[in-house]
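Down below is the structure, laid out as structure tokens.
The values are calculated or read from the model by the stated rules, or taken from the named source; none is laboratory data. Everything numeric in this text was worked out from a predicted model, so none of it was measured. Here the Cβ positions follow ideal geometry from the backbone for every residue, glycine too, while neighbour counts run over all protein chains shown. Calculation scope for accessible area: heavy atoms of the full protein, side chains included, ligands and nucleic acids excluded. Shrake-Rupley method; radii C 1.70, N 1.55, O 1.52, S 1.80 Å.
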Amino acid sequence: MSFPPPDAPQLVALGAVLSPDGEAQLRAALAAHAVPASARQQLAPHVAAFALAGPPGGLPGGLRAALDVLAGGLGLDLVVLPRPPGAVKVRLAVMDMDSTLVRIEVIDELARAHGVVDEVSRITERAMQGELDYDTSLRLRLQLLRGLPLSALESLAAALPLHDGAEALLGGLRRA
């Protein structure tokens with residue numbers, strides 16, 4: 001049998017090694033909602049995928065809440081894909097980059113390279129506290145980066161630390 005089966009939804013565990021106990025908890029949560037995992041494939045050291053044998057018409061609503069709780073307890077992300085990668089042609093993928101695809105906040109690292117990291121951090125904190133809206137905070141932080149040499153951007157871009165599984169994700173998106 002190929003993995004995943006052609007029309008099976010898939011559950012992907014990202015960001016941490018899934019221990020045998022964690023896998024048992026995950027399989028129990030799925031089974032409790034009548035959605036057993038029929039197969040597992042290790043896509044990368046910190047990325048495991050499970051083919052789901054769920055009921056027709058989608059996954060039960062309570063399952064998503066149970067998976068959210070389980071993900072928090074296991075310290076990983078759980079993503080349910082309604083169809084396996086490759087079953088649908090991907091034309092556009094949109095995602096957050098900072099602290100999602102890469103392990104850093106790019107604007108903070110650019111500010112560090114330019115010697116204005118404390119000022120940028122204060123503006124970010126004000127935005128997080130609701131004192132500034134996002135647009136204003138971004139403009140203020142970018143003003144502080146004025147004059148940053150292009151070489152600083154190029155150096156950072158060449159050494160972006162990707163999260164575990166990011167290369168597998170990007171490779172899969174390219175293939176799709």
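Got a sec? Which of ARG141, ARG174 is surrounded by 13 or more Cβ atoms within 10 Å (Cβ to Cβ) and part of a helix (DSSP H, G or I)? Steps first, answer last, please.
Values: ARG174 fails: surrounded by 13 or more Cβ atoms within 10 Å (Cβ to Cβ).
Testing whether each residue is surrounded by 13 or more Cβ atoms within 10 Å (Cβ to Cβ) and part of a helix (DSSP H, G or I) leaves just ARG141.
Please specify each residue of region 136-169 satisfying the condition of being modelled with pLDDT of 90 or more and under 21 Å from the mean Cα position of the chain (by Cα). Steps first, please.
As a first pass, look at region 136-169 and keep what is modelled with pLDDT of 90 or more: 136-161.
Result: LEU156, ALA157, ALA158, ALA159, LEU160, PRO161.
Here's a check for you: in region 155-168, which residue that is farther than 11 Å from VAL102 by Cβ and touching a residue at least 24 places away in the same chain (Cβ under 8 Å) is most open to solvent (accessible area, probe 1.4 Å)?
Within region 155-168, the first condition is being farther than 11 Å from VAL102 by Cβ, and the residues that meet it are 155, 158, 164-165, 167-168.
Next, only the ones that are touching a residue at least 24 places away in the same chain (Cβ under 8 Å) stay: 155, 164-165, 167-168.
Numbers: SER155: 78, ASP164: 62, GLY165: 19, GLU167: 137, ALA168: 44 Å².
Checked region 155-168; the qualifying residue most open to solvent (accessible area, probe 1.4 Å) is GLU167.
Of the residues making up region 96-131, those that are charged (D, E, K, R), closer than 30 Å to LEU169 by Cα and more than 16 Å from the chain's Cα centre (by Cα) are ASP108, GLU109, ARG112.
Taking region 114-138 as the search range and keeping residues that are surrounded by fewer than 15 Cβ atoms within 10 Å (Cβ to Cβ) and among the polar types (S, T, N, Q), which one is nearest to HIS46 (Cα to Cα)? Only one residue fits best here, namely GLN129.
I'm trying to understand the selection: among the residues of region 73-82, which are over 16 Å from ALA37 (Cβ atoms), open to solvent by 60 Å² or more (accessible area, probe 1.4 Å) and not acidic (Asp, Glu)?
Initial filter on region 73-82 (over 16 Å from ALA37 (Cβ atoms)): 73, 75, 77.
Next, only the ones that are open to solvent by 60 Å² or more (accessible area, probe 1.4 Å) stay: 73, 77.
Scanning region 73-82 gives a single hit, GLY73.
Scanning region 116-127 for residues that are within 17 Å of VAL106 (Cα to Cα) and outside any loop (DSSP other than H, G, I, E, B) gives VAL117, ASP118, GLU119, VAL120, SER121, ARG122, ILE123, THR124, GLU125, ALA127. Within region 144-154, the set of residues being assigned to a helix (DSSP H, G or I) and surrounded by 10 or more Cβ atoms within 10 Å (Cβ to Cβ) comprises LEU144, ALA152, LEU153, GLU154. Based on what the data block shows, is VAL94 within 20 Å of LEU153 (Cα to Cα) and either open to solvent by 40 Å² or more (accessible area, probe 1.4 Å) or in contact with a strand residue (DSSP E or B) (Cβ under 9 Å, 6 or more places away or on another chain) (or both)? Taking the combined requirement at face value, the residue does not satisfy it. The set of residues in region 19-72 that are closer than 23 Å to ALA166 by Cα, crowded, with 18+ Cβ neighbours inside 10 Å and small (Gly, Ala, Ser) comprises GLY22, ALA48, ALA49, ALA51, ALA71.
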